Amino acid sequence: FKVTLVSTSPIDGQKPGTSGLRKKVKVFKQPNYLENFVQATFNALTPEKVKGATLVVSGDGRYYSKDAVQIIIKMAAANGVRRVWVGKNTLMSTPAVSAVIRERSGADGSKATGAFILTASHNPGGPTEDFGIKYNMENGGPAPESITDKIYENTKTIKEYPIAEDLPNVDISALGVTSFEGPEGKFDVEVFDSADDYVKLMKSIFDFESIRKLLSSPKFTFCYDALHGVAGAYAHRIFVEELGAQESALLNCVPKEDFGGGHPDPNLTYAKELVARMGLGKSDTGGEPPEFGAAADGDADRNMILGKRFFVTPSDSVAIIAANAIEAIPYFSSGLKGVARSMPTSAALDVVAKSLNLKFFEVPTGWKFFGNLMDAGMCSVCGEESFGTGSDHIREKDGIWAVLAWMSILAHKNKDSIDGNTKLVTVEDIVRQHWATYGRHYYTRYDYENVDAGKAKELMEHLVKLQSSIPEVNKIVKGIRSDVANVSSADEFEYKDPVDGSISKHQGIRYLFEDGSRLVFRLSGTGSEGATIRLYIEQYEKDASKIGRESQEALSPLVDIALKLSKMEEFTGRSAPTVIT
Ligand code: VG1
Ligand code: CO
């Protein structure tokens, strides 16, 4: 192939958010839009690192991925990349990409040094919906802010990019290696099935035999909903072939470019079918719900964990996994190096860390901050309130890992009873037992999606301004409800990375109450249109007689305060959130 230099000019708005660049497909289809961002990334990585490199290019298979893969292959070739690894039909979950970077060796011993992940994660897909791209580094984790800032700067000055225009499209539906000859030598594209690498990794972490035994028991029933995301490409292999689950346990496990028209976000609002099957929806499907249910998002890094007629909040989930990991999961049997959560995630994990005497870290939202801690050997298990849970086996959150972690805990708690006549220890039993031991963190998140960006900014500025006088805040708070604790402090969360000393500012507005309750306000960094305001509300209850309440009811005084303090309706014109989780 030949290399052509194409002249281009900067395009506005290519700043990567919490997890890469996410925009409507029609924005990505504009001339040079994708090309500019890809070249800005190559330039940020520096030509020396790009030349001769092995890169992974794949994603959740959403609409436009097939075109994007071919463009990136041609640009990689022209930039002197030595080989590109592509998942069959562009499919590779975000955690599998991370695993492939860290674990896979090519036939000649080559290792990948990074990846373009093509996904907009939990955002809908299709011609009128979202596409996205992000770059992951050699450790398998998302590029740190120092790199994403550089990428953004490069998009503002880009003038040209090289591309191998005459390189024929590679058939990404067929496994195997295609080799080309360019001005600088050989260039290979290898198409493979990443499920092999991923399954191997999962088997090295969990005791598949004990999970298989759990799944074979008539007492234990299971349902997994991939919401037509890329998790479907792994679910059959792992749950059915390896672990012996019934075919009928899999819902929406065929990956689709538009996620079947749905919103591939595993929560109580969008995972409707699973929610109904688990006996949690308004329209119960009838019949006895399964004992355990789980769902994934588009790129399979998120998870929702459900018991029969029971929802596990993600903040509780990570705390429960941490509390049981050493006993229930072979990978952790020699102990946990530490645990971490994102700032808005509830303090349930903090209580476990304290009680088990574990190192603990609170980082800004987004997985990139966990990676440094893990690389430094300071963190084993971490999670976010946004249905993300994971460990240092890779550098991304991992939806299927979380399901296997819960299955391991269930298998462990039931190891003596699974064959006999004793009652199954259920998901709900495990959670209630956890609350009884550690106390309960009532938790909810209100999302106001696609509000006017200017108004959202004003609301945030209003909240920051209020923080200058705590007595004034307390006067307002007491005027709304007299039955809540005093606000003891308020700030904007700032994080200093304990490993590299880098500082991240403006990571969310916090109001902290004397009894441990918290209100947090943030603007989303993953949307593609307008602004999304996230409001996180949390209250800690140690009194065992008060841990069984409905969470929306328990939190209603704090919700009231949050809405009035922020003047939510006044700024946004919304009387109710778009989604409550
Ligand atoms: C959201 C979540 C955050 C998560 C991020 C990426 O970000 O709140 O916790 O890490 O999505 O997840 P934001 O900025 O919109 O609040 V995923 O599965 O979209 O890669
Ligand atoms: Co995701």
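Run down the aspartates and glutamates and flag those whose C-alpha is under 12 Å from the C-alpha of K2, throwing out any fewer than 8 positions away in its chain.
E165, D166, E181, E184
In whole Hz and in residue order, list the ³J(HN,Hα) couplings for segment 72-81 that follow from phi through the Karplus curve 6.51 cos²θ - 1.76 cosθ + 1.60, θ = phi - 60°; x for Gly and Pro.
So the Karplus estimates, Gly and Pro as x, are 5, 4, 5, 6, 4, 4, 5, 8, x, 4 Hz.
Go ahead and estimate [θ] at 222 nm for the chain from helices alone: -39,500 (n - 2.57) per DSSP H run with n ≥ 4, summed, over the residue count, rounded to 500.
After summing the helix terms and dividing by residue count, I get -9500 deg cm²/dmol.
Tell me the net charge near T4. Cut-off is 15 Å between Cβ atoms, T4 excluded, with +1 for each Lys or Arg and -1 for each Asp or Glu.
Working: positive: K2, K74, K159; negative: E35, E160, E165, D166, E184.
Once positives and negatives cancel, what remains is -2.
Over the chain, what is the percentage of antiparallel beta bridges among all DSSP beta bridges, to the nearest 5?
Taking every DSSP beta bridge within the chain, about 70 percent pair in antiparallel fashion.
For K24, what charge total do you get from the other residues with a beta carbon under 10 Å from its beta carbon, if Lys and Arg give +1 and Asp and Glu give -1?
Net charge in that neighbourhood comes out at +1.
Can you list the trypsin sites (Lys or Arg not before Pro) in segment 109-206 that are in a DSSP coil and have 16 or fewer other beta carbons within 10 angstrom?
Answer by residue number: K111, K156, K159.
Label segment 21-148 by shape, choosing from rounded, prolate and oblate, from the square roots a ≥ b ≥ c of the eigenvalues of the Cα gyration tensor; if a/c is under 1.5 it is rounded, and otherwise prolate applies when a/b is larger than b/c, oblate when it is not.
prolate
Over every pair of different alpha-carbon atoms in the chain, take the mean of 1/r and invert it; report that Kirkwood radius in Å. The partial results should precede the final answer.
Details: mean 1/r = 0.0408 Å⁻¹.
One decimal place: 24.5 Å for the Kirkwood radius.
What full-extension length gain, to one decimal in nm, is calculated for D196 and A453 as 0.36 nm per residue of separation minus the Cα-Cα distance?
Difference between extended and current length: 88.1 nm.
Which of the pairs K156/K496; K15/K457; K213/K256 have their Cα atoms more than 21 Å apart in this structure?
Violating the 21 Å Cα-Cα cut-off are K156/K496; K213/K256.
Once label points are set 7 Å from the Cα along Cα→Cβ at both K2 and N32, what is their separation, rounded to one decimal in nm?
For the pair K2/N32, the computed spacing is 2.1 nm.
Using a basic spin-label model with each label point 7 Å from the Cα along Cα→Cβ, how many nm lie between D149 and S204?
Roughly 3.5 nm, to one decimal.
What order do you get for Y234, Y152 when you list them from fewest to most C-beta neighbours inside 10 Å?
So the residues, fewest neighbours to most, are Y152, Y234.
Which chymotrypsin sites (Phe, Trp or Tyr not before Pro) in segment 1-57 pass both tests, a DSSP loop state and at most 15 other beta-carbon atoms within 10 Å?
In loop regions of segment 1-57 (DSSP not H, G, I, E or B), there are no sparsely surrounded chymotrypsin sites (Phe, Trp or Tyr not before Pro).
Count the net charge of all other residues whose Cβ sits under 13 Å from the Cβ of Y270, scoring Lys and Arg as +1 and Asp and Glu as -1. Intermediate values should be presented prior to the final figure.
On the way: positive: K272, R302; negative: D225, D265, E273, D297, D447, E449.
Result for the neighbourhood of Y270: -4.
Just list whichever of K74/K150; K23/K200; K49/K88 have alpha carbons separated by over 30 Å in the model shown.
Working: K74/K150 23 Å; K23/K200 34 Å; K49/K88 26 Å.
Distance filter (> 30 Å) returns K23/K200.
Within 10 Å, count the other beta carbons around each residue, average over each peptide in 505-512, 298-305, and list them highest first.
Working: 505-512: 18.4, 298-305: 31.2.
Averaged packing, sorted descending, gives the order 298-305, 505-512.
Rounded to the nearest 5, what % of the DSSP beta bridges within segment 309-400 are antiparallel ones?
So the antiparallel bridges in segment 309-400 amount to around 35 percent.
Between segment 377-402 and segment 55-120, what's the alpha-carbon centroid distance in Å?
22
Label points 7 Å out from Cα along the Cβ direction at K505 and V177: separation in nm?
5.0
Please label the shape of segment 56-126 as rounded, prolate or oblate, based on the square roots a ≥ b ≥ c of the eigenvalues of the alpha-carbon gyration tensor (a/c under 1.5 means rounded; beyond that, a/b larger than b/c means prolate, else oblate).
oblate
Name the lysines eligible as straight-distance cross-link partners of K308: C-alpha to C-alpha under 17 Å, and not fewer than 8 places from it in the same chain.
Excluding near neighbours in sequence, the set is K219, K272, K282, K413, K423.
A short reminder: the numbers here are calculations on the coordinates, not readings from a lab. Only a predicted model underlies this, so the values are computations on that prediction, with no experimental measurement involved. FYI the Cβ positions are ideal-geometry reconstructions off the backbone, even for glycines, and counts take in every protein chain you see.
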